[in-house]
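Quick notes on the structure that follows.
The values are calculated or read from the model by the stated rules, or taken from the named source; none is laboratory data. Since this is a predicted model, take the numbers as computed values, not measurements. Cβ sites come from the backbone with ideal geometry, for glycine too, and all protein chains shown count toward neighbours.
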Amino acid sequence: MTLKKAVEVIRVEAKAIRDLEKRIDASFTKAIDIIVKCKGRVIVTGMGKTGIIGRKIAATLSSTGTPSLWMHSAEAVHGDLGQVTRNDVVIVISTSGESDEIKRLLPLLKKIKSKIIALTGNKKSTLAKYSDVVLDVSVTKEGCPLGLAPMASTTATLVMGDALAACLIIRRNFKKENFAFYHPGGSLGRRLLLKVEDIMRRGAHYPKVNEQMAVKDVLLAITQARCGSACVLNKRGKFVGIFTDGDLRRHLETDRDLLKRKVAEVMTKGPITISKDKLAVEALQILQDRKIDELPVVDKRGGLVGLLDVQDLLKAGLV
C-alpha cells in the first residue's frame, strides 16, 4: 500500500507538470517582457507552502541575473511593503488567489503602481483580476491523500518559476561566467573564475636551476623546495626545460652516472607550458590529457613566472 501511494503521488505531480506545457502561451511571453523591462527588482511574495516555493524562485532569479528578493505577504502589510517601488515587478503566488493576506496586499501594490504577475490556480480570483499577467498553475489533483496539503500545486508553481528563470537567462544573454560571479564560493565559481596565477608557485616555492648543474644538486634543490620538478634556465636566464621525477626514473634505469651528469643532458626540452592568465581548469585539462604532474607557467613573452603542480589544483578544490 505504501509503495503504491508513493508511485501515485509521483504520477499526480508529474501530470501537474505536463499540464503546464499547454499554458506556455502569450501570457508567459508577456510576463518575460515585463520582467526584462523592469528597472527595479522582482519581488516574490506568497503565504504558507507556496511562500516557501516563492523563496526558491526569488533565489533562482537573483543567481541568474534578475535582481530579486522575497517578501512575506503578511509582513508586507506590517512595514515590509516599503521594499516595493513603482519600478519593481511583484510576482504574487497564491493557489486560490483569495487568501486574506494577498487580498489586503493587492490594492496597496496597485497604489504603488508596480507591475503584478500572478502565479495562481484560479484565473477568476481576486488576485487574477488585480494582476497585469496571470500564469495558470492550477492542478486537477493534489498528491495529498487527504486532498488538503499542497503538493502537486507547489510542484507546478516551482516548475513555472524555473521556466521563467530559464527564459530570462536566454533573454539577458546570461553566461556561465556571470553565474560563477554570483557563486564564487562554489565549485563552479572556482572552475570558472580561478586563474593559473592565483594558485601557481612563485619565487622560492619552486626550484629554478642552471642547465650546467649536476643532477644530484638539482635533486637537492627539488627536495628543499618540496616540489616534484625543477625548471631549467640557461646562462642568460632563459627557460629551456624541466627536470621531473619522470625524467629521473627513465634515465636511472640505464645510466649509472646519472647523478653526475648535467641536468641539460637529461631534462625535458621545450616542455608544455601554460600562460599565467589561463583558467586553472584549463591547466587541469592539460595535466590530465598529457598525463603529467607539473606545468611551467609563463608570461606573454614566454618568460618563466611560476610552476603549477597537480597538488596545487587539489588544494584549490579543482580535482
ask   = List pairs: first in the range 93-107 and acidic (Asp, Glu), second surrounded by 14 or more Cβ atoms within 10 Å (Cβ to Cβ), Cβ under 6 Å, 6+ apart or cross-chain?
value = GLU98/SER125; GLU98/THR126; GLU101/MET47; GLU101/SER73; GLU101/ALA74
remark   = Only one of (1) more than 25 Å from the chain's Cα centre (by Cα); (2) modelled with pLDDT of 95 or more does not apply to ILE43, and that is (1)
ask   = Of all residues in the range 228-246, which are surrounded by fewer than 20 Cβ atoms within 10 Å (Cβ to Cβ) and either free of Cβ contacts under 8 Å to residues at least 40 places away in the same chain or assigned to a loop (DSSP other than H, G, I, E, B) (or both)?
value = GLY228, ASN234, LYS235, ARG236, GLY237, LYS238, VAL240
message = Going residue by residue through the range 127-146, is there one that turns out to be farther than 21 Å from LEU20 by Cβ and assigned to a helix (DSSP H, G or I)?
response = yes
ask   = In the list ILE43, ILE53, which residue meets the criterion of being of a type in the set (A, V, I, L, M, F, W, C) and either in a helix (DSSP H, G or I) or more than 23 Å from SER99 (Cβ to Cβ) (or both)?
value = ILE53
key: Matching residues in the range 221-245 - criterion: being out of contact with any Pro (no Cβ under 6 Å at 6 or more places or on another chain), over 18 Å from ARG301 (Cα atoms) and β-branched (Val, Ile, Thr)   = THR223, THR244
query = Are there any pairs, at least 6 apart or on different chains, whose C-beta atoms fall under 8 Å, with the first in the range 247-267 and of a type in the set (Val, Ile, Thr) and surrounded by 13 or more Cβ atoms within 10 Å (Cβ to Cβ) and the second at pLDDT below 90 and not in a helix (DSSP H, G or I), and if so, which?
reply = VAL266/ASP255
task = Confirm whether LEU20 is touching a residue at least 60 places away in the same chain (Cβ under 8 Å), assigned to a helix (DSSP H, G or I) and in contact with a Pro (Cβ under 9 Å, 6 or more places away or on another chain).
result = no
